[in-house]
Every structure is written in C-alpha cells, then in structure tokens.
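These notes are about the structure you will find just below.
The values are calculated or read from the model by the stated rules, or taken from the named source; none is laboratory data. Since the structure is predicted, the reported quantities are computational estimates derived from the model, not experimental observations. Here the Cβ positions follow ideal geometry from the backbone for every residue, glycine too, while neighbour counts run over all protein chains shown. In case anyone asks, the SASA skips ligands and DNA or RNA and just uses the protein heavy atoms, side chains included. Shrake-Rupley method; radii C 1.70, N 1.55, O 1.52, S 1.80 Å.
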Amino acid sequence: MTSIGLPHPRVPESRDAPSLRWGIMGPGWIAERFTESIQAHTGQVIAAVGSRSLNRSKAFAEAFDIPAAYGSYEELAAAPDVDIVYVCTPHTGHHAAAVLAIDAGKHVLVEKPVGLDAAQAGDIAARAEAAGVFAAEAMWTFFLPKFDVIRQILDAGTLGTITTVVAEYGEHFDPSHRIFNPDLAGGPLLDLGTYPLALVTEVLGSPRYLWAVGQPHESGVNAQLSAIMQFDGGAQAVVNTHVHNFTPTAATIVGSKATLVIDGPFNMPGAFEIRFPDGSRLRHDEPAGGHFEGLHYEAAAVARAIAAGSTQSSERTLAASIRTLEVADEIRRQLGVVFPVPVTLLPSKENHE
Ligand SMILES: NC(=O)c1ccc[n+]([C@@H]2O[C@H](COP(=O)([O-])OP(=O)(O)OC[C@H]3O[C@@H](n4cnc5c(N)ncnc54)[C@H](OP(=O)(O)O)[C@@H]3O)[C@@H](O)[C@H]2O)c1
C-alpha cells in the first residue's frame, strides 16, 4: 500500500484486536466469506453457527471447524459461549434476527442493510441501547484502511467544498439468486444500492430533495433505479444501481479544489486518486481486493469497540445507517416499491426433519 503525499491509514492490525466469540446466524454466501476472512486474518473465534436447519449448520460448522452448530436461530441466540451474533440472513430477516440476539443479551453485527427500512433500523438502535449491548451495520467499506484515508482527506478539506457525488453499482446475477425474489425484498436497492447511498449520505448528509426513476424486472422486483439528490448548500448527488450487468462500480467525489476518484469496486479494498485542476495527482495505491481481504477489518473494529465499552461503532453509527435507509425509503416511495412483511423467522421445511 503506497500513498505518497496522502495521510496514512490509522486502522490497527486486525490480528491485534481483542478476541470475541462470534455466532453466525444464517450460514449463506456472505457468512462463508466473513468466516474465511476472519479466520485467516484475525484472532476472532467463530464459536457457533445457527441455521433454520440443523443439517445446514452442521455442514457449515464442519467446513469451517466451528465447535457448535444449532438448528434454530433461537438456540444460537441463547448459546452461552457466544458474545456477538453476526446476522447474515436475507434482508427480510435482519430485524427479527437482531431482536432475537439483543433480547438474549448478545451484541450484534447486522449485515447491510441493518433493517428493511429506517423504522426497523431505529427499532434495533432503541432496543440495543435499552439492553446495553453493541449494535452496528456491517457496512464493511467504512472499516477499510483506504476509507480511513478518504475520511482524513475529507476532514482536512483537501477537496475544498464538496459539490457533487456520483456513484453507481450494477451487477449480474444468476436468475435463481434471491435478488429476484420479491418476498425477500429483492431488487438492487438494498443489496447494491446501499453502497452508493451510504457513500452519498456519509459525504453529504441527508438530501433536501430527491427524485427517483425506476424500471421493473419481470420477476416482480425493481430492476434498475436512478436517483438525483440536492443538499443544503447546493451540492448534488447522482446514483444508479441495477441487476442488469456488471459495471465499473466507480465513485467520484467532486470538490472546489480537487476531485477524488475511487477505482471500482469503490466499496472494496483498492486504489483511489485525487486529481487537481493543474493536472497533478495524488494516488493511494493499494491492490484491489475482495471480501477475503476486506471483511476482517469490520470484525476487528467491532471487537475493539466492544472491549472499549462502546455500544456503537464510530466507523458506522446506527444514526448513519438510519440516514441511509431514510433515503432508500424515499426512493421506494417514489417508485412504488413495497417490501413484504418479514418472513425469515418462519421455520423452513428442513426444521421438521
Ligand atoms: N457485505 C457484503 O459484501 C455482502 C455481500 C453479500 C450479501 N450481503 C448481505 O448479507 C445478507 C445475506 O446475503 P447472502 O448473499 O449471504 O444470502 P444467502 O446466500 O441467500 O444466505 C442467507 C442465509 O440466510 C438464511 N435464511 C433465513 N431466512 C431465509 C429465507 N427466508 N430465505 C433464504 N434464506 C434464509 C439461510 O440460511 P439457513 O436457512 O440455513 O438459516 C441462508 O443461507 C443480505 O442481507 C445481503 O445484503 C452482504
């Protein structure tokens, strides 16, 4: 990682973070990536896994050498040897799963989006506060060393007055993917769109005005949406997200003194550049990386925060998560996208084996 002329990342070594005993709730795709990254890069312990099916949790436990496997989320929440539950069910289950863990006195790290909407996110925040447990959204981008450098650049005013943020996120999915399932709150908004929306709200706050257009998908979910926003002071943001195909997934933050261009995928480890009007550039060079290289930072940061007695993460506060979801809610309102009542905690067929 080289960044001549730029601030250095202040993120400590993940391996040095105090160790927590983690319980995985919902052993799917991201649970595998999280577990691989944590086991390779940290001293965190994946102590247990809970699935709606005992067979699936046993298979996951065997694959990752995890000592305890439970056949229900309730049992995982109640497990005595677990300090923190990582909620990684589909979006529709995040709120109920987080509440289950909080009610059992466990800390929670909830995959993004922390809830289906701002109301669910606010409820999780209120319940965690009342219970005195830690809660955060696993918006891993903001825990990456590169984002710590970006934060320092923004705080130092190197870009001048921010006028514009442009960010997009498109991806191709197999037709069987849950993103095409309306019952699981499918569509690009909560899976992909959360990244550009989180970036925009992190840099510019809450928009004063927002206009959105959408395009439906034959599966019944939204296929594509674009939103333009205006903020107090005149700054603007433009966001596009869709499930049509892969895109550069780039992000640009424009200021009166310089422009920050983040290589795609902007939400993952990788390079960025500051470009000045005279043609000079400052480059943060970092190999592009994926979940394996990046997810451990959020786990280590959460472990440090909890050891320090914090109930929230400074990298991604629940207020920031709620603010992002308020924007997502407004986009959905304008597009007429309605999400289902959460169904995730209903037992699956395998539960009756
Ligand atoms: N941070 C990132 O980069 C990233 C990347 C991908 C996804 N995510 C987030 O992580 C969450 C999970 O995504 P994923 O791609 O890992 O999903 P996934 O592969 O479908 O896995 C989700 C797991 O949740 C459980 N589950 C509970 N209720 C379910 C239901 N009604 N239908 C299907 N599965 C259900 C299933 O495990 P059991 O039935 O065995 O309990 C399933 O394996 C999403 O909210 C997504 O936004 C984050």
Out of all the residues in the range 93-105, is one or more under 16 Å from residue 21 (Cβ atoms) and surrounded by fewer than 24 Cβ atoms within 10 Å (Cβ to Cβ)?
yes
Could you tell me whether residue 28 is open to solvent by less than 10 Å² (accessible area, probe 1.4 Å) and either in contact (Cβ under 8 Å) with a residue 60 or more places away in the chain or within 15 Å of the ligand (Cβ to nearest atom) (or both)?
no
Hey, could you check the range 193-204 for residues that are open to solvent by 10 Å² or more (accessible area, probe 1.4 Å) and of a type in the set (A, V, I, L, M, F, W, C) and say which is nearest to the ligand (Cβ to nearest atom)?
203
Give me the pairs, please: first residue somewhere in the range 85-105 and under 27 Å from residue 180 (Cα atoms), second residue anywhere and open to solvent by less than 10 Å² (accessible area, probe 1.4 Å) and aromatic (Phe, Trp, Tyr), beta-carbon distance under 7 Å, and either six or more positions apart or on two chains.
86/22; 86/34; 88/34
Residue pairs qualifying under the 6 Å Cβ cut-off, at least six apart or on distinct chains, with the first in the range 284-296 being away from the ligand (no atom under 12 Å from the Cβ) and the second being open to solvent by less than 20 Å² (accessible area, probe 1.4 Å) and of a type in the set (Lys, Arg), are 286/146
Scan 258, 251, 185 and give me the residue that is on the phi > 0 side of the Ramachandran plot, in contact with a Leu (Cβ under 8 Å, 6 or more places away or on another chain) and touching a residue at least 12 places away in the same chain (Cβ under 8 Å).
185
If I ask for residues that are in contact with a Ser or Thr (Cβ under 9 Å, 6 or more places away or on another chain) and assigned to a strand (DSSP E or B), which ones from the range 87-109 would you list?
107, 109
Condition first: more than 16 Å from the ligand (Cβ to nearest atom), without any contact (Cβ under 8 Å) to a residue 40 or more places away in the chain and among the charged types (D, E, K, R). Now tell me which residues in the range 126-176 satisfy that.
127, 151, 155
